[in-house]
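The values are calculated or read from the model by the stated rules, or taken from the named source; none is laboratory data. Every value quoted in this text rests on a predicted model; they were computed, and no experiment measured them. Here Cβ is always computed from backbone atoms with ideal geometry, including for glycine, and neighbour counts include all displayed protein chains. Side chains are part of the model used for accessible areas, which takes the heavy atoms of the whole protein and leaves out ligands, DNA and RNA. Shrake-Rupley method; radii C 1.70, N 1.55, O 1.52, S 1.80 Å.
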Amino acid sequence: MVDAAAAQGTLPSSRARRGARAWRFVRRNPTLVFGLVILGVMLLAALIAPWIAGDPYSMKPVQRFKSPSAEFWFGTDNLGRDVYARTIYGARVSLAVGLSVAVLAVSAGLVIGLLAGFFRSVELVVMRLMDGLMAIPAILLAIALISLFKGSVAVVIVAIVIPEVPRVARLVRSVVLTTREQPYVEAAIASGTRLRRILWRHVLPSTFPPLIVQATYICASAILIEAGLSFLGAGTPPEIPTWGNMIASSRVYLARAPWTVFCPGIALALVVLAVNLVGDGLRDRLDPRIARRM
Amino acid sequence: MLAFIIRRLLSTVVVMAIVAVFIFLLLHLSPGDPAAIIVGDNATPAQIDAVRKQLGLDDPLAVQFVRWVSGVLTGDLGISIFSHEPVNKLIGQRIEPTVSLAATTLLLAVVIAVSFGVLAAWKVGTWVDRCVMVLSVLSFSVPVFVVGYLLIYVFSIKLGWLPVQGYAPLEDGVLVWARHLVLPSIALGLAYVALIARITRTAMLDVLSEDYIRTARAKGVATGPVLMKHALKNAGVPIVTVIGIGVALLIGGVVITETVFNIPGVGRLVVDAISQRDYPIIQGVTLLFSGIYVIVNLLVDLSYTLLDPRIRY
């Protein structure tokens with residue numbers, strides 16, 4: 001479009017050209033953009049929650065089980081609490097857990113994977129440990145941890161990080177193993193570059209594209225596991241408004257007040273969908289090798 | 001071949017040993033006195049002492065570990081703190097609903113997912129393909145309990161077609177049993193179907209571009225046999241691999257599904273144990289489910305040589 005306009009001699013303003021470029025990006029990456037938009041809206045809502053939603057804790061027993069209306073967009077629950085306010089505040093916990101788990105799991109897995117990829121001695125021991133850790137179902141490991149420690153958001157985050165680390169470590173290790181066979185890394189080794197510099201300058205960057213994709217998938221699965229744990233009563237303390245807690249406390253009223261279950265449920269599904277779409281979109285852009293395989 | 005099986009079995013034993021050590025150490029890595037943690041905040045010192053004695057927590061760690069492992073190897077998973085029953089007996093009482101749910105889900109999911117995957121690969125680029133892919137992203141994103149309550153609301157509460165919750169043992173009749181399992185299986189299997197369908201589609205697409213498929217088509221072999229005999233059989237390895245890996249989804253999902261549908265299975269046993277801080281039950285079930293996952297993936301690895309005779313070890 002830009003080329004055609006330029007050929008006709010009507011040079012478009014730089015603003016129009018930027019607009020055209022942005023539009024082309026949207027058209028080529030529909031899933032990525034769609035996911036980012038939903039995620040952006042959710043993130044914004046979570047950040048400005050105090051300004052766009054009422055008090056999520058206030059109980060008004062006279063207003064129990066009000067169906068959605070102009071006053072209460074998502075209705076009220078069994079204690080007369082505003083489901084809209086609680087759903088908006090619930091986004092805070094979900095997104096905070098999702099993002100922290102992604103960052104922590106990727107950082108820990110990156111270090112372990114880099115070391116395991118470069119040192120045979122580390123590899124043998126650590127990768128066996130990772131295999132063992134991977135065999136324990138994430139949700140049960142989290143339940144075990146949470147039954148021993150007091151339930152809090154921090155414990156939930158750690159409990160979800162632990163089973164995700166092996167997946168990252170394995171991915172990083174496999175990238176390191178292929179990268180160190182590359183001529184430029186061999187050249188760096190041959191020319192006597194220090195190991196720290198090789199890892200830092202030559203190997204580390206090649207792990208980034210698959211890691212970013214992996215991080216989004218970890219974020220999505222962390223949000224799901226957190227909600228599942230809260231739902232089972234093994235997550236964040238029940239008084240904190242999280243989507244899992246809301247569904248857990250409302251489920252007995254499903255027939256009477258379905259909005260108390262489905263409003264947080266839809267919010268949860270939407271966030272996970274958005275993160276998964278961002279992951280798919282990034283994968284198609286950053287890592288064509290994996291894109292073909294999936 | 002035999003050497004491979006032995007090597008693979010040995011590595012399974014190693015993995016299971018690491019799992020056991022990890023699950024055992026969890027209790028002892030937690031800060032403070034494990035007995036006090038298990039008993040809870042409002043316990044008297046006498047109660048704490050009783051639990052400590054019951055679990056043998058005063059012995060050295062190594063002694064405790066050896067005792068625990070030798071117990072596990074003889075099928076003794078310890079005693080429940082809450083009900084004072086052996087954990088393996090409690091699991092035994094609850095195993096039928098869980099096996100029923102997991103088996104029906106696995107069977108249904110694999111059949112549905114593989115057919116959808118084959119269909120999407122055959123009709124690649126058409127609206128059929130796009131529908132399957134969109135559905136698979138969607139069902140991978142909706143949590144088990146949200147699907148579960150949606151199904152209960154629509155099919156049980158509004159339409160009244162199926163029982164709301166609960167479980168009917170097989171001895172009550174196959175039909176009653178099946179009616180109670182329809183909704184839980186769909187809720188549990190959705191993410192699993194999505195995962196397998198996606199991999200099946202990719203694996204089929206890889207195989208369908210091979211020369212021998214073109215040859216078969218040129219020979220005039222009908223579409224059905226080309227898809228099922230020539231293509232699907234050769235796409236088997238990645239599909240079986242993901243069926244094995246995805247068992248983790250089923251195991252995690254069972255715990256939640258049984259809570260949603262009020263099914264008195266092993267998953268429900270764990271969930272009840274959370275609020276009672278009944279750590280031996282959580283420990284026992286975690287070990288059992290990890291073991292199942294490891295064994296399923298061992299079988300998957302061993303099945304490669306059957307699926308693809310070119311694979312030799």
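Key figures
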{"read-out": "Projected area averaged over orientations for chain A, convex hull of C-alpha atoms, nm²", "value": "21.9 nm²"}
{"read-out": "Candidates per trypsin sites (Lys or Arg not before Pro) in region A:185-294, loop by DSSP, up to 16 other Cβ within 10 Å", "value": "A:Arg194, A:Arg256"}
{"read-out": "Cα centroid separation, region B:90-162 to region A:149-197 (Å)", "value": "35 Å"}
{"read-out": "Degrees separating the helix A:138-148 axis from the principal Cα axis of chain A, which is the longest one", "value": "60 degrees"}
{"read-out": "Charge dipole magnitude, Cβ of K and R +1, D and E -1 - the protein assembly as shown, Cα centre, debye nearest 20", "value": "2260 debye"}
{"read-out": "Relative contact order %, region A:23-164, counting alpha carbon pairs below 8 Å whose residues are six or more apart", "value": "17 percent"}
{"read-out": "Surrounding net charge for A:Asp131, when Lys and Arg each add one and Asp and Glu each subtract one, Cβ distance under 13 Å", "value": "+3"}
{"read-out": "Phi-based couplings in Hz for region A:93-100 (Karplus 6.51, -1.76, 1.60; Gly and Pro marked x)", "value": "5, 4, 5, 4, 5, x, 5, 5"}
{"read-out": "Solvent-accessible ranking of A:Phe262, A:Phe119, largest area first, probe 1.4 Å", "value": "A:Phe119, A:Phe262"}
{"read-out": "Helix-derived mean residue ellipticity, 222 nm - over the protein assembly as shown, DSSP H n ≥ 4, -39500 (n - 2.57), to 500", "value": "-24500 deg cm²/dmol"}
{"read-out": "Protein-only accessible surface order, largest first, of A:Phe231, A:Phe208 at 1.4 Å", "value": "A:Phe208, A:Phe231"}
{"read-out": "Relative contact order of chain A, pairs being alpha-carbon contacts under 8 Å that are 6 or more residues apart, as %", "value": "24 percent"}
{"read-out": "Most to least accessible of B:Arg7, A:Arg81, A:Arg28 (protein chains only, probe 1.4 Å)", "value": "A:Arg28, B:Arg7, A:Arg81"}
{"read-out": "Residue-level accessible surface for B:Asp206, protein heavy atoms, 1.4 Å, Å²", "value": "70 Å²"}
{"read-out": "Cβ neighbours within 10 Å from other chains - mean over A:254-265", "value": "3"}
{"read-out": "Qualifying GluC sites (Glu not before Pro) for region A:178-256 [loop in DSSP, other Cβ within 10 Å: at most 11]", "value": "A:Glu181, A:Glu239"}
{"read-out": "Overall form of region B:34-181 per C-alpha gyration tensor (a/c, 1.5; a/b vs b/c)", "value": "prolate"}
{"read-out": "Shielding of B:247-256 by partner chains, average beta-carbon count, 10 Å", "value": "5"}
{"read-out": "Gyration tensor (alpha-carbon) shape descriptor, region A:25-89, a/c threshold 1.5", "value": "prolate"}
{"read-out": "Rg/Rh for region A:148-264, where both radii come from Cα atoms and Rh is the Kirkwood radius", "value": "1.25"}
{"read-out": "Computed over region B:95-307: relative contact order in percent, which uses C-alpha pairs under 8 Å that are six or more apart", "value": "27 percent"}
{"read-out": "Additional length obtainable on full extension of the chain from A:Arg64 to A:Leu47, 0.36 nm per residue less Cα span", "value": "3.4 nm"}
{"read-out": "Heavy atoms of B:Val13: accessible area, 1.4 Å probe, square angstrom to 10", "value": "100 Å²"}
{"read-out": "Hydrodynamic radius (Kirkwood) for region B:95-307, which is based on Cα pairs only, to one decimal in Å", "value": "18.7 Å"}
{"read-out": "Prolate/oblate/rounded call for the protein assembly as shown, Cα gyration tensor, a/c under 1.5 rounded", "value": "rounded"}
{"read-out": "Candidates per chymotrypsin sites (Phe, Trp or Tyr not before Pro) in region B:108-209, loop by DSSP, up to 11 other Cβ within 10 Å", "value": "B:Trp161"}
{"read-out": "From phi via Karplus (6.51, -1.76, 1.60), per-residue ³J(HN,Hα) for region B:164-170 in Hz, x at Gly/Pro", "value": "5, 8, x, 9, 10, x, 4"}
